[in-house]
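The values are calculated or read from the model by the stated rules, or taken from the named source; none is laboratory data. Given the structure is predicted, the values throughout are model-derived calculations rather than measurements. Note: ideal-geometry Cβ built from the backbone for every residue, glycine included; neighbour counts use all protein chains shown. Surface accessibility is based on the protein's heavy atoms, side chains included, excluding ligands, DNA and RNA. Shrake-Rupley method; radii C 1.70, N 1.55, O 1.52, S 1.80 Å.
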Amino acid sequence: MTTQGAGWPTSLDPDAPSFAIRNETFEAVFHPAAGGRLGRLRHVHHGDLIVPFSPTGFDPSVWPKSGAFPLFPFHNKIRQATFDHNGRQVHLRPNMPDGLGVMHGPAHRRAWMVTDHAEDRITLVLEYRADADWPFDFRATQRFDLHHDRLTVTFDLTNTGHETMPGGMGWHPYFRPSVDGVIGVDAAHRWTCFNPTGLIQDGVAPRRVLLETGLTQHYSGWTQATAVIGDGARIRLTGSGDLTCFAALHKEEYLCLEPVSHVAGALEVPRRETGLRHLAPGESLQGSSILSVT
């Protein structure tokens, strides 16, 4: 097993292998060298459920809005690429177009390794060594299993270093566009965007939400979300284990439904209820999400 390289290549190796899994309902294609991405997910009746990803080179700060990529060891923004940890200030290398912030962690900009592959399952692993993008060692694992009419995705984050590490995980699929911009969500709380002081505020989550185009909604205490996408496919996404939070973004080109382990901004404003964990050496997070078409 190899570790990550120095960063994202300017172009991908055209000979980098892709891997497929399939059953009677789904076919999924993966590109480990392209940040551990799921590049395509096809359903027997509805075709592509996710906007297809083309495995070509791209600017690491402007990644394609397609496929589905892993979120390790945090998701969403750290606006000034800086956070406090154990009494010290941690500075990260910016990866956003503004040159100031960091978005979605470094794992989807590294090559992953396939450690298990069969007709209906695959496991991808990243052994991360501390660098300017994240100063802590960790191991990230994605396992994808097909079971008749569902895809189960299991995530694991383990602190492989020698000091406590803040961390989280999640999945960022770009589903085909929503038919009506409406999602159903079973969650305890809906979180607002940052207020001027950088804090995050919450409220009671509605069960049915008309998403405002371009505005990400954040939830905690969720168990499932539903939407109608593409040609009318009714999808259902669930979360369990440490995937206690959820983000949703509706745009004309795609719909993002993201199972995650903490709410946005948790590294900037540490609060117990955000879901962010501080992992001791050897400690892990684990969670699963199930995607089905109903």
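Applying 1/(1 + (r/R0)^6) with R0 = 35 Å to the Cβ-Cβ distance of D149 and K251 gives a FRET efficiency near 0.80.
Accessible surface ranking for T115, T274, 1.4 angstrom probe, highest first: T115, T274.
How high is the relative contact order of the stretch 48-103, given as a whole-number percent (alpha carbon pairs under 8 Å, six or more residues apart)? Show your work: numbers first, answer last.
Details: 57 pairs, mean separation 16.7, N = 56.
It comes to 30 percent, rounded to a whole number.
Out of the total accessible area of the chain (probe 1.4 Å, heavy atoms of protein only), what percent is carbon and sulfur?
Result for the chain: 50 percent of the exposed heavy-atom area is carbon or sulfur.
Entry note, the chain: relative contact order of 18 percent, from Cα contacts under 8 Å with a spacing of 6+ residues. With every protein chain in place and a 1.4 angstrom probe, the accessible-area ranking of H46, H117, H148, largest first, reads H148, H117, H46.
Here the 3J(HN,Hα) profile of the stretch 114-127, calculated from phi with Karplus coefficients 6.51, -1.76 and 1.60 at θ = phi - 60°, is 8, 10, 7, 8, 9, 4, 10, 7, 7, 10, 10, 9, 10, 9 Hz, Gly and Pro shown as x.
Once each part is reduced to its C-alpha centroid, what is the distance from the stretch 109-179 to the stretch 226-294 in angstrom? Rounded to whole Å, the Cα centres lie 13 Å apart.
Normalised per residue, the accessible area of the chain is 41 Å², obtained with a 1.4 Å probe and no contribution from ligands, DNA or RNA. One entry in (1) 160; (2) 122; (3) 141 is volume of the Cα convex hull per residue in Å³ calculated from the shown coordinates; its label is (2).
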